[in-house]
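Worksheet for the structure shown next.
The values are calculated or read from the model by the stated rules, or taken from the named source; none is laboratory data. Just so you know, these numbers come straight off a predicted model, no measurement behind them. Heads up, the Cβs are rebuilt from the backbone with ideal geometry, glycines too, and the neighbour counts pull from every protein chain shown.
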Amino acid sequence: MQLPDAEHLVAALADKIKQLAAREPVALVGIHSGGAWLAERLHPMLTAETPLGALDISFYRDDFEQRGLHTQIKPSHIPFEVEGRHILLIDDVLYTGRTIRGAMNELFDYGRPAKITLAVLVDRGGREMPVEAQIVAAKLDLSPAQNLELLRDENGVFSFKLNEKN
């Protein structure tokens, strides 16, 4: 399977997000790790006044007992008031919807946002939760045995890797 060029998708996502940010102020929050990387790249493009936020939802996952604790837990960092803000939640790959559910649960621990808009680089289908991204750079049809991973090299260049589950 030919994977899309991740850098082209980042540019497409940036264009779509710029259109939203031109209409109303948004606060960017990236989900660790791929979503946080994307938010770091997108934030300066938007000339956003609100500082960038990041979430590590490891403790908010509903499969915590099955998956265990991730070895690279990063602290969540929301350096602004969530209450009453329009939050633009950024993630790399949308699959089951469980990560987004966990992220929203954690966001509400910081306050009640006025609105949450979800932007993802790739929607791969296969939802288990009623979650849909409002801003999507690309849609891919992958089998449940495949996992799409966003990678970032030492120069900050993004690429995709397709892993086959055993």
Looking only at segment 15-45, count every residue that is without any contact (Cβ under 8 Å) to a residue 60 or more places away in the chain and basic (Lys, Arg) and tell me the total.
2
Only one of 9, 52 is over 30 Å from residue 143 (Cβ atoms) and of a type in the set (A, V, I, L, M, F, W, C); which?
52
I need the full set of residues from segment 107-138 which are surrounded by fewer than 18 Cβ atoms within 10 Å (Cβ to Cβ) and among the charged types (D, E, K, R), in order please.
109, 112, 115, 127, 128, 132
Within segment 55-80, restricting attention to residues that are in contact with a strand residue (DSSP E or B) (Cβ under 9 Å, 6 or more places away or on another chain) and modelled with pLDDT under 90, which residue is nearest to residue 141 (Cα to Cα)?
74
Where residue 90 falls short, out of the listed (1) modelled with pLDDT under 95; (2) β-branched (Val, Ile, Thr); (3) in contact with a helix residue (DSSP H, G or I) (Cβ under 7 Å, 6 or more places away or on another chain)
(1)
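Does residue 83 satisfy the criteria of being modelled with pLDDT under 95 and either closer than 27 Å to residue 130 by Cβ or over 12 Å from the mean Cα position of the chain (by Cα) (or both)?
On the way: modelled with pLDDT under 95: no; either closer than 27 Å to residue 130 by Cβ or over 12 Å from the mean Cα position of the chain (by Cα) (or both): yes.
In short, no.
Quickly run through segment 76-109 and pick out the residues that are more than 24 Å from residue 49 (Cα to Cα) and small (Gly, Ala, Ser).
If we filter segment 76-109 for residues that are more than 24 Å from residue 49 (Cα to Cα), which is where we start, we get 93-102, 105.
Correct list: 97, 102.
Take residue 48 and decide whether it is in contact with a helix residue (DSSP H, G or I) (Cβ under 8 Å, 6 or more places away or on another chain), surrounded by 16 or more Cβ atoms within 10 Å (Cβ to Cβ) and either at pLDDT 95 or above or part of a helix (DSSP H, G or I) (or both). First the steps, then the outcome.
Numbers: in contact with a helix residue (DSSP H, G or I) (Cβ under 8 Å, 6 or more places away or on another chain): yes; surrounded by 16 or more Cβ atoms within 10 Å (Cβ to Cβ): yes; either at pLDDT 95 or above or part of a helix (DSSP H, G or I) (or both): no.
Judged against the criteria, residue 48 is not a match.
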